[in-house]
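Student: Have a look at this one.
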Amino acid sequence: MFGLFNVLEPRREEKHTLLVEENSEATEVLFFEQGTFCVGFELNKEPHYVIKFDGTNYINAYGCTYNFRSPWVYKTVTVCAGYSIRKKNWKNLIDQEDYEEIK
């Protein structure tokens with residue numbers, strides 16, 4: 001558990017920032033403690049946002065763990081603040097710790 005705290009990096013995104021594009025590779029896991037972001041999809045190169053998340057949430061954990069591309073588009077609505085973990089550190093953390101339910 002303490003290995004997690006060693007690899008966290010502070011992260012702050014301004015409002016209306018595109019966080020993750022559709023079909024993009026997951027390069028980091030984002031943990032937001034403050035702010036609002038929305039999730040949606042692209043149809044004919046036009047984004048449609050359908051869900052808003054407020055407060056504490058995470059993005060890209062599944063994609064980083066299993067090497068999947070994101071099927072969704074993520075964009076901030078307000079200023080979002082929290083932490084991020086790079087994919088390399090995330091994979092090392094999972095391999096070092098005993099997370100059998102993930103492997």
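Student: Cβ contacts < 8 Å: first residue surrounded by fewer than 17 Cβ atoms within 10 Å (Cβ to Cβ), restricted to the stretch 74-103; second residue among the small types (Gly, Ala, Ser) and modelled with pLDDT of 95 or more, any location; separation 6+ or different chain. Result?
Tutor: From the stretch 74-103, the pairs are 77/35; 78/35; 79/35; 81/35.
Student: Collect the residues in the stretch 15-47 that are in a strand (DSSP E or B), in contact (Cβ under 8 Å) with a residue 40 or more places away in the chain and either among the aromatic types (Phe, Trp, Tyr) or open to solvent by 70 Å² or more (accessible area, probe 1.4 Å) (or both), keeping them in residue-number order.
Tutor: Hits for the stretch 15-47 are 18, 25, 31, 32, 33, 34, 37.
The values are calculated or read from the model by the stated rules, or taken from the named source; none is laboratory data. This one's a predicted model, so the numbers in the text were calculated from it and none came from an experiment. In this analysis, Cβ positions are derived from the backbone assuming ideal geometry, glycine residues included, and neighbour counts consider all displayed protein chains. For the accessible areas, the whole protein counts, side chains as well, though only heavy atoms, and no ligand, DNA or RNA atoms are used. Shrake-Rupley method; radii C 1.70, N 1.55, O 1.52, S 1.80 Å.
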